[in-house]
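What follows is a set of notes on a single structure, which appears directly below.
The values are calculated or read from the model by the stated rules, or taken from the named source; none is laboratory data. What you see is a predicted model, and the numbers here were worked out from it, not measured in a lab. Neighbour counts run over all protein chains shown; Cβ positions are idealised from the backbone, glycine included. Quick note on the areas: whole protein, heavy atoms, side chains included, nothing else; ligands and nucleic acids left out. Shrake-Rupley method; radii C 1.70, N 1.55, O 1.52, S 1.80 Å.
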Amino acid sequence: MQRMVLELRGIPCIALEEHVPDRKSIIASRSFGRAVTSFQELCEAVASYTARAAEKMRRQSLATAHIAVFVETNSFKPSDAQYHATRAVRLPVASADSGTLAIAAARALRLLWKDGYRYKKAGVMLLDLVPASKVQGDLWTLADTPRSNALMRALDSLNRDYGRGTLTYAAAGKQQAWKLRRDFMSPRYTTEWSELLSI
């Protein structure tokens, strides 16, 4: 009760965190705008989600050696055959390179893929994140090279300056017909100048 009285008087009782702890995992996942039945489209979606998760991870100067991919059918359509699965893949050395992570995600997706299902959602989880500056190679595999790091910085910079998706890997596809539909999205009056309400 005393703490509540102090808070009401404007005296903080719980200190704010001065150092935000690093994330342990990052997930990029979306439902599809329509059911996906081909491996190629599902692979494009997973590559796209992997690139998005890797971008979030690099923003915090982290890397991962453990990536998991999951796929789901529409559980709200019991008439469709149901399938939900997750597969994790470990890399020999932690990486923050979108290309390396997309290859690992595609490998996991190949193990998950089953014909004859109408997939409604997929996602990528980057697990066991570590600071990128502390990643060491092993005897046979090197950590991300300076060239790879420069490429990722350039990719992130261009996408930040010119909009997400300006520069992507070819594996993410060009048309992305599977993408979530936004036909009836509400205007973003408070966050987007071009959509500001005019009278």
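Can you give me the accessible area per residue for the chain, using a 1.4 Å probe, in Å²?
So the chain comes to 68 Å² accessible per residue, rounded to a whole number.
Can you figure out the FRET efficiency of Leu139 with Gln175, using R₀ = 30 Å and their beta-carbon distance, to the nearest 0.05?
Rounded to the nearest 0.05, the efficiency is 0.10.
Report the extension gain between Arg107 and Ala85 in nm, rounded to one decimal, defined as 0.36 nm multiplied by the number of residues separating them, less their alpha carbon distance.
The Arg107-Ala85 span can extend by a further 6.5 nm.
Cβ under 15 Å from Ser79's Cβ, Ser79 left aside: what net charge do those residues give with Lys, Arg +1 and Asp, Glu -1?
+2
Of Lys134/Lys179; Lys121/Lys174; Lys56/Lys120; Lys56/Lys77; Lys24/Lys114; Lys24/Lys134, which pairs sit farther than 26 Å apart, going by alpha carbon to alpha carbon?
Checking Cα-Cα distances, Lys134/Lys179; Lys56/Lys77; Lys24/Lys114 exceed 26 Å.
Would you list Met152, Met4 from the most to the least accessible area, probe 1.4 Å?
Met4, Met152
Taking all protein chains in place and a 1.4 Å probe, what share, in percent, of the accessible surface of the chain do carbon and sulfur account for?
Its accessible area is 55 percent carbon and sulfur atoms.
Please list 3J(HN,Hα) in residue order for the stretch 108-125, calculated via the Karplus relation 6.51 cos²θ - 1.76 cosθ + 1.60 where θ = phi - 60°; whole Hz, with x for glycine and proline.
5, 5, 4, 6, 8, 4, 9, 5, x, 10, 9, 6, 10, 8, 9, x, 10, 10
Taking amide hydrogens as modeled 1.01 Å from N in the peptide plane, which residues meet the under 5 Å criterion relative to Ala85, leaving out close sequence neighbours?
For Ala85, the qualifying residues are Val71.
How many percent of the alpha carbon pairs in the chain exceed a separation of 21 Å?
Here the tail beyond 21 Å accounts for 61 percent of pairs.
Take peptides 34-43, 161-170 and line them up by average Cβ neighbours within 10 Å, highest first, as a rough protection proxy.
Taking the mean over residues of other Cβ atoms within 10 Å, the ranking is 34-43, 161-170.
Name the residues whose placed amide hydrogens come within less than 5 Å of the amide hydrogen of Gly137, ignoring near sequence neighbours (fewer than 5 apart) on the same chain.
Counting only residues 5 or more places away or on other chains, the set is Ala143.
What distance in nm separates the simple spin-label points at Val130 and Ala150, each placed 7 Å from Cα in the Cβ direction?
It is 2.6 nm.
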